[in-house]
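The values are calculated or read from the model by the stated rules, or taken from the named source; none is laboratory data. Quick caveat: nothing in here was measured; it's all calculated off a predicted structure. Note: ideal-geometry Cβ built from the backbone for every residue, glycine included; neighbour counts use all protein chains shown.
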Amino acid sequence: MSPLAAGNATNRPVRDVMRAGVVLCDADMSVREVARAMRDRSVRTVLAIDLSSELIGLIDERAVAGGWDDPDGRTAAAIMDPDPMIASPDEPVASVAQRMLDAGATNVLVAHPPPTEESGVWSEWKERGMPLGTLSVADIVGRLDELAAAVRAAPPRSTSPVQRAAPWIALAGLVLAIVLVVALILAYANGTHHLTNRPGL
Amino acid sequence: MEVARRMQDEGVRAIIVASAGSDLIAGVITDLDLLRAVIDGHTEAMASDIMTLEPPPSVSAGERLGSAVERLRDSGADLLVVTDGNPARPVGVLSYGDIAAHLARG
């Protein structure tokens, strides 16, 4: 961890870390077409919308896998989450990270908060405007070098002291890391194993 | 935080931790585990400190995809370890992303 990177990132807003833009699909689209949209656009979430019936919802890989038994018959509307976690672009990353952990959520939509109190999801979205982007746990974890200080600043658990691992734990960790590297190399060399998701995000 | 870097470099969301010198799976680290470790201030923690100690549910390489998907969903885990042979050895991993990618190919 570079002290420089850790020191100046204590309150990074979500807008600095999010993946800008969302991939949209029609709510009538089949699960298979949604899966293809994810693959072709290299995204792990798709936002399904239906203007006429005022539907909107977030679809992640887990939801797509849930439609495996009838990928051509089931629609995006059937597998989407109509009430995804939403973060404001100005919310500190630390706060969103804590909310994601608490909810076990791996993806959030980034959108401006609705300017007025409205009832109903769709009217809220009409007020907000379209989402600005998405933020995933992977996006945060992938930038821990620069974000660790900001993420650690999460209010509810910020009192935990940084723990230093005992030397024997460090040694055990080193051995584990070496084994892990060898295992991955073997897996790749062999070619029949599939230890990774598609890279390229 | 080597694990975090690895995860990013490989484009994966979970990493299997193996015991030294064997095929035994010690546990799994997901991206949520990493995030929790950082929020708790354990940036210097080792893989063995933050991993889920329980080995993930497994599926045999010859099993139908349908039953694998069912097991993945019922277990609440992020991935299944795919095993093959007798005695069973881990040969790979099946994640939600893999299933989505499979549907896209169909």
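General remarks:
- On inspection, B:ARG13 qualifies as within 27 Å of A:ILE79 (Cα to Cα) and among the basic types (Lys, Arg).
- Subset of segment A:17-37 [farther than 25 Å from A:GLU54 by Cβ and out of contact with any helix residue (DSSP H, G or I) (no Cβ under 8 Å at 6 or more places or on another chain)]: A:ALA20
- Flag if A:ALA103 is over 25 Å from B:SER67 (Cβ atoms), hydrophobic (A, V, I, L, M, F, W, C), more than 8 Å from chain B (Cβ to nearest Cβ) and touching a helix residue (DSSP H, G or I) at 6+ places or on another chain (Cβ under 7 Å): no
- Of all the criteria given as (1) touching a residue at least 12 places away in the same chain (Cβ under 8 Å); (2) more than 7 Å from chain A (Cβ to nearest Cβ), the one not satisfied by B:ASN86 is (1).
- Residue identified as within 9 Å of chain B (Cβ to nearest Cβ), closer than 19 Å to B:ILE39 by Cβ, out of contact with any strand residue (DSSP E or B) (no Cβ under 6 Å at 6 or more places or on another chain) and at pLDDT 90 or above among A:GLN163, A:GLN98: A:GLN98
- Test: A:ILE49 is more than 19 Å from the chain's Cα centre (by Cα), in a strand (DSSP E or B) and modelled with pLDDT of 90 or more: yes
- Across segment A:28-51, the number of residues qualifying as more than 19 Å from A:GLY129 (Cβ to Cβ) and away from chain B (no Cβ under 13 Å) comes to 1.
- Screening A:GLU127 with (1) facing chain B (nearest Cβ under 10 Å); (2) surrounded by 13 or more Cβ atoms within 10 Å (Cβ to Cβ); (3) over 23 Å from the mean Cα position of the chain (by Cα); (4) at pLDDT 75 or above gives one miss only, at (1).
- Single condition A:GLY66 does not satisfy, out of (1) away from chain B (no Cβ under 14 Å); (2) in contact with a helix residue (DSSP H, G or I) (Cβ under 7 Å, 6 or more places away or on another chain): (1)
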